[in-house]
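First comes the structure, then the notes that go with it.
The values are calculated or read from the model by the stated rules, or taken from the named source; none is laboratory data. These numbers come from a predicted model, not from an experiment. Heads up, the Cβs are rebuilt from the backbone with ideal geometry, glycines too, and the neighbour counts pull from every protein chain shown. Accessible surface areas use protein heavy atoms only, side chains included; no ligands, DNA or RNA. Shrake-Rupley method; radii C 1.70, N 1.55, O 1.52, S 1.80 Å.
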Amino acid sequence: MTETTKSGDKLSVTPTKTLTLKRSGVEQGVVRQSFSHGRSKAVVVEKVKRRIGPAEAKTEPTTAPAAGAGAAQKRTAATPATAKAPSTTAPTAAAPASPKSGVVLRTLTEEERSARAQALAGAQLREHEERERAEAEAAARRSREEVERAERAASETRKLNEENRRKHDEETKRKADEVAKKRFGADTGPTAAKPGARPALEADEDEAPRASRRGGVAARPAATPKPPRAGGAEKRRGRLTVVTALAADEVRERSVASFRRRVQRITGHRDSEPKEKIAREVTIPETITIQELANRMAERSVDVVRILMQQGHMAKITDTIDADTAQLLAEELGHTVRRVAESDVEEGMFDAPDDPANLQPRAPVVTIMGHVDHGKTSLLDAIRSTEVAAGEAGGITQHIGAYQVTSPSGGRITFIDTPGHAAFTAMRARGAKITDIVVLVVAADDGVMPQTVEAIQHAKAAKVPIIVAINKIDKPDAKPERVRTELLQHEIQVETLGGDVLEVEVSAKEKTNLDKLLDVIALQAEVLELKANPNRPAEGTVIEARLDRGRGPVATVLVQRGTLKPGDIVVAGAEWGRVRALVSDTGHAVVAAGPSMPVEVLGFNGTPEASDRLAVVETEARAREITDYRARQKREKIAARQTGMRGSLEQMMNQLKTAGRKEFPLVIKGDVQGSIEAIIGALEKLSTNEVAARVIFSGVGGITESDVTLAEASGAAVIGFNVRAHKEAREAAEQAGIEIRYYDIIYALVDDVKKAMSGLLAPTMRETMLGNAQIIEIFKVSKVGNVAGCRVTDGTVERGANVRLIRDSVVVHQGKLSQLKRFKDDAREVVAGQECGMAFENYQDMKAGDIIECYRVETVQRTL
């Protein structure tokens, strides 16, 4: 480089040395490296000191408080310019001039400053995290050391206690041995003092030389003598010889083991301390084996069998005894007994008392009952604004339904719709049992009918209040007063006539007074003060059950207590399951069903029966235990009914009456359990002493191939009510030649079965009187025999007809008329007032004056 100077008007350029930027705080050194073949190289090594920026200078004392004060002062003194950077100009503060070269360094930019500040903050954060991590590790280490210290202390304590116990046991044993020795010494003292006492044994010194002289065998080296035992004299184990006996210095003593054997011989091996008798509480079921009973009492089986033999009963340990005998045996042996029955698995499922403080108001359950075609379903449709009645087969209700509506006052009311036909008596009875209020629907133009009377009886049996709804008042021939008067014959006195039974005149078609009916129901429910506890496991009743092809077994359940939720384990009759979903009457899924709410429950393993009580249990094991017990009871009842077990005298007489009865086997499949129940009940009413309908199998769901196979094996007819057969079942039925009949109205089904059962009845023989004739004279004809000459007194006489020969008002012969002649010609019939000749089949003993009755026998088919 060159340096330019100005002197006057001339510029002069003087050459200078090369300019360099000397780095402050750099220490240099030269290191010589040696290589092979004598080569070497000098390398300059620089040691650069760390620069301290302004921000780091400010935060240095706070970020490292653990550093010494001298180091902090040294760093502060080393950077006086950076400490005052905020008050000075940028070129001076950020880039001090080199003292030697006088060249100004480059100023730091804002990006560099921010980058350095961020790097500094990150370093501080990492330092803080490391410090916290170190403190946490130190705390964990201290706690671990405390735990180990406590464990070591506990271990030392246990070792000390064990050592003390061992010392105590040794001391106790030593004292016992001393007492035994003293006792033995007292017993044997006089014996040892006798002249003939046996001397003590001594070591046999000649034993080793004697052993060395046997057959040239080398003698064994003498064993090192064991140190004497502490606490007593050493036990001598050498053989007793004359030398050892004469050389003995002390009396020979008996060992402790010998003394114990002597005591056992004297006492007869009895235990020194008899065991205490332990009385146990023994659980005894209805039947139990002797071995199991002995195990539960912790007694020997032979002792139990011995007691039975003393009572005169010979038995083995594998024999089964009843609960009474087991109780006598247990009490004989000093134990207490707790009797249990197989039915105890159902205890605590239902009717657990609730705390009155937990009871809350619930919606009333109202059952609509009445005669067929009196408008029950139409009335409910008008309340719910639906059209259920229009979709019923034949316009009649054949299923029980449950719905929930909102009254004008805002409360909720649960309605149960029941069929009105006579075949659905069980459904009506089921609805009356689970209801709070019965609405008796009576048509104003029809009055009280048989099913109306039956509904009244069901309501009285259930002891529930009745509200009379006089329907169809919009008809011209409606007579509400007639209904009120007829109800008096059945002890139903309405308020209009001075009674306490509420009545409302309504019209389902015109929707008249429906609000008034709902208000009356709400008023009656308020009087009843209906309450339930929703915060408990659910209990309810299965109103209806069916098998859905897509959803499986579906049960319509009315929750009566508690709250039913998805995931609950429920038991209903002989079926159980885990609730998969709850569906309301409107078809929407619900998350919970409280008291008085009807829901469809999905998740059962099988289809429960209608009227089964439902309960929530804790575990699947308890659910299986309950259902197994109920299924076993059900099988036993069916087996007892099929095998015809002898019962009372009346049952035996009934069996004798129906001994030769013909049976009409049936396989019935229906859509819901209630319909099958109604069909079976209606068919049972058709049974007589001569013919009966026998339902081999009934179930819910479509007709399957197994149903057809069962029908083929038993020769039964297959009936489907509101269901259809599967494709495989139809093909199997066609191959087997079995007819499958489908019905959607119960009365059509009953009528067809009734006709089929009538065909099994034996026909009736009916006589039709044709006429009478009197024998006037007997003629003998060769190759024919006797021929009676008769005069027909009344009616007609036909050839081939049945005849009776009456003599002196006594029937002496019954047979057929083989020949009938008018003069010498064969006649088909002879009328009254004419004479004819008659000959009987296989009978010749006719006399003059006998009366002949001629009649025709007709076969008449019987009907049920």
Fill in the blank from the handout: In segment 691-739, residues that are touching a residue at least 40 places away in the same chain (Cβ under 8 Å) and either aromatic (Phe, Trp, Tyr) or surrounded by fewer than 16 Cβ atoms within 10 Å (Cβ to Cβ) (or both) total 3
Problem - Hits in segment 538-580 - residues which are within 14 Å of residue 596 (Cα to Cα) and open to solvent by 40 Å² or more (accessible area, probe 1.4 Å) - result: 560, 561
Exercise for the section: For residue 764, state whether it is among the polar types (S, T, N, Q) and without any contact (Cβ under 8 Å) to a residue 60 or more places away in the chain. Expected result: no
Handout entry: Inter-residue pairs, beta-carbon under 6 Å, first of a type in the set (Phe, Trp, Tyr) and in segment 664-690, second open to solvent by 10 Å² or more (accessible area, probe 1.4 Å), 6+ apart
Key = 664/693
Exercise for the section: Output the number of residues of segment 788-805 satisfying the condition of being in a strand (DSSP E or B) and either among the acidic types (Asp, Glu) or open to solvent by 20 Å² or more (accessible area, probe 1.4 Å) (or both). Expected result: 8
Problem - Out of 67, 85, 94, sole residue that is under 30 Å from residue 28 (Cα atoms), in contact with a Pro (Cβ under 7 Å, 6 or more places away or on another chain), at pLDDT below 85 and open to solvent by less than 60 Å² (accessible area, probe 1.4 Å) - result: 85
Handout entry: Complete set of residues in segment 806-864 that are open to solvent by less than 70 Å² (accessible area, probe 1.4 Å), modelled with pLDDT under 85 and over 30 Å from residue 750 (Cα atoms)
Key = none
Handout entry: All positions within segment 448-464 that are crowded, with 18+ Cβ neighbours inside 10 Å and not hydrophobic (A, V, I, L, M, F, W, C)
Key = 451, 452, 454, 458
Practice task
Please tell me if residue 771 is surrounded by 12 or more Cβ atoms within 10 Å (Cβ to Cβ) and at pLDDT 85 or above.
Solution key: yes
Problem - Flag for residue 626 being in a helix (DSSP H, G or I), on the phi < 0 side of the Ramachandran plot, at pLDDT 80 or above and among the aliphatic types (A, V, I, L, M) - result: yes
Handout entry: Residue within segment 434-444 that is of a type outside the set (Asp, Glu), assigned to a loop (DSSP other than H, G, I, E, B) and within 38 Å of the chain's Cα centre (by Cα) present
Key = yes
Exercise for the section: Starting from segment 804-827, take each residue that is within 13 Å of residue 839 (Cα to Cα) and among the acidic types (Asp, Glu) and list its partners that are open to solvent by less than 100 Å² (accessible area, probe 1.4 Å) and in a strand (DSSP E or B), counting only C-beta distances under 8 angstrom and pairs at least six apart or across chains. Expected result: 826/819; 826/820
Completion exercise
If we ask which residues in segment 678-690 are open to solvent by 50 Å² or more (accessible area, probe 1.4 Å) and part of a helix (DSSP H, G or I), their number turns out to be 2
Exercise for the section: Scan 357, 330, 326, 352 and give me the residue that is part of a helix (DSSP H, G or I) and either closer than 15 Å to residue 536 by Cα or of a type in the set (S, T, N, Q) (or both). Expected result: 357
Exercise for the section: List the number of the failed condition for residue 833; all other conditions in (1) in contact (Cβ under 8 Å) with a residue 60 or more places away in the chain; (2) in a loop (DSSP other than H, G, I, E, B) hold. Expected result: (1)
Completion exercise
Cβ pairs under 7 Å, 6+ apart or interchain, first in segment 287-311 and within 17 Å of residue 324 (Cα to Cα), second basic (Lys, Arg) and not in a helix (DSSP H, G or I), ordered by first then second residue, are 294/300; 297/280
Practice task
With the checklist (1) in contact with a helix residue (DSSP H, G or I) (Cβ under 8 Å, 6 or more places away or on another chain); (2) part of a strand (DSSP E or B); (3) of a type in the set (Ser, Thr, Tyr) in hand, flag the one item residue 818 doesn't pass.
Solution key: (1)
Practice task
Check segment 467-478 and report whether any residue there is charged (D, E, K, R), modelled with pLDDT under 90, open to solvent by 20 Å² or more (accessible area, probe 1.4 Å) and farther than 21 Å from residue 371 by Cβ.
Solution key: no
